[in-house]
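Enquirer: Here it is, the structure in full.
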């Protein structure tokens with residue numbers, strides 16, 4: 001699932017330029033028995049399966065012993081452990097910026113089935129629960145890809161121009177609002193024209209127009 005999004009475009013260039021390091025770990029590598037079991041039926045009955053505490057904690061602890069290949073800001077090598085859950089805090093741009101600023105190394109746990117054994121959270125093996133929206137997905141892989149993409153854009157050099165991240169939708173620079181409209185050539189297309197103010201070269205007035213048109 002991760003191969004396409006993580007090996008194309010900006011994320012690919014960031015990894016090629018050694019600005020971002022991504023490692024995938026299959027939970028079944030830590031599974032039990034011949035079939036590498038990672039889940040079991042829930043105590044108390046009910047539909048679905050629950051990911052086992054012993055398997056998941058063992059995986060987290062083993063991965064936590066690995067030293068990241070990069071050291072961007074010299075803050076040590078302690079991972080920030082995130083689990084994607086409907087009960088988690090809703091992911092917003094301010095949270096993305098905070099994660100990128102505070103944490104050099106993330107461990108992203110992708111749940112599946114009915115979720116994970118609550119003791120993984122209660123035992124302190126997870127630092128933060130995050131949700132990307134009020135809907136249900138098959139697993140945590142898609143939220144993980146969303147977070148990787150969003151956080152990677154905050155790493156200096158990934159976008160090529162620092163202003164690109166600073167003036168994106170929901171950024172602090174834009175007051176957490178959506179971006180202003182953008183236009184490029186041609187100046188007119190089927191009767192639709194570029195606003196005259198953007199063609200005049202008065203940067204003060206252009207900036208004023210953009211601020212007025214934040215959504």
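Enquirer: Restricting to the stretch 122-133, what's the tally of residues that are more than 12 Å from the chain's Cα centre (by Cα) and either surrounded by 18 or more Cβ atoms within 10 Å (Cβ to Cβ) or at pLDDT below 95 (or both)?
Expert: Total satisfying the criteria: 2.
Enquirer: Can you pull out every residue in the stretch 134-164 that is more than 16 Å from residue 89 (Cα to Cα), assigned by TED's automatic domain parsing to the domain that holds residue 89 and more than 17 Å from the chain's Cα centre (by Cα)?
Expert: 138
Enquirer: Would you please name the residue that is modelled with the lowest pLDDT, looking only at residues in the stretch 111-121 that are surrounded by fewer than 19 Cβ atoms within 10 Å (Cβ to Cβ) and either in contact with a helix residue (DSSP H, G or I) (Cβ under 9 Å, 6 or more places away or on another chain) or not in a loop (DSSP other than H, G, I, E, B) (or both)?
Expert: The extreme case among them is 112.
The values are calculated or read from the model by the stated rules, or taken from the named source; none is laboratory data. None of the values given here were measured: they were computed from a predicted structure. For neighbour counting, all protein chains shown are included, and Cβ atoms are generated from backbone atoms with ideal geometry for every residue, glycine included.
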